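A.B. asks: I have a structure I would like to understand better, so I am pasting it below and will then ask my questions one at a time.
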Amino acid sequence: MIAINKKNQSRVNKAIKSLTLHNKYNDLRDQADADDNMKDHKKYDRLCEKTYNDFLDHMWWLPKNQQQAIYKSELY
């Protein structure tokens, strides 16, 4: 995704990376839950929480119009 303002490109890249990792860990958590594997479920739940918090931290620094563009993307 290209930032609306070029100076925010690194924050956008970090937010997208965190969101992509969160989506990956969320899928793995759902799979572990379906398999009744509580050890992996807890592991991926913790990773989901960490990556989503990183995503929110990066989003906080972005202007509202860029945040809305990310929220409207297919990744979110």
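Please treat every number below as a calculation from the coordinates, not as lab data. Here the structure is a predicted model, which is why all the values come from computation and not from measurement. Neighbour counts run over all protein chains shown; Cβ positions are idealised from the backbone, glycine included.
A.B. asks: Hey, any hits in the range 56-69 for a residue that's over 13 Å from the mean Cα position of the chain (by Cα), in a helix (DSSP H, G or I) and acidic (Asp, Glu)?
C.D. replies: So far as the range 56-69 goes, no, none of its residues is over 13 Å from the mean Cα position of the chain (by Cα), in a helix (DSSP H, G or I) and acidic (Asp, Glu).
A.B. asks: Something else about it: For the range 19-40, what are the residues that are in contact (Cβ under 8 Å) with a residue 12 or more places away in the chain and either in contact with a Lys or Arg (Cβ under 6 Å, 6 or more places away or on another chain) or charged (D, E, K, R) (or both)?
C.D. replies: Those that are in contact (Cβ under 8 Å) with a residue 12 or more places away in the chain and either in contact with a Lys or Arg (Cβ under 6 Å, 6 or more places away or on another chain) or charged (D, E, K, R) (or both): ARG29, ASP40.
A.B. asks: Now for a different question. Being free of Cβ contacts under 8 Å to residues at least 60 places away in the same chain and part of a loop (DSSP other than H, G, I, E, B) narrows it down to one of ILE16, ILE2, so name that one.
C.D. replies: ILE2
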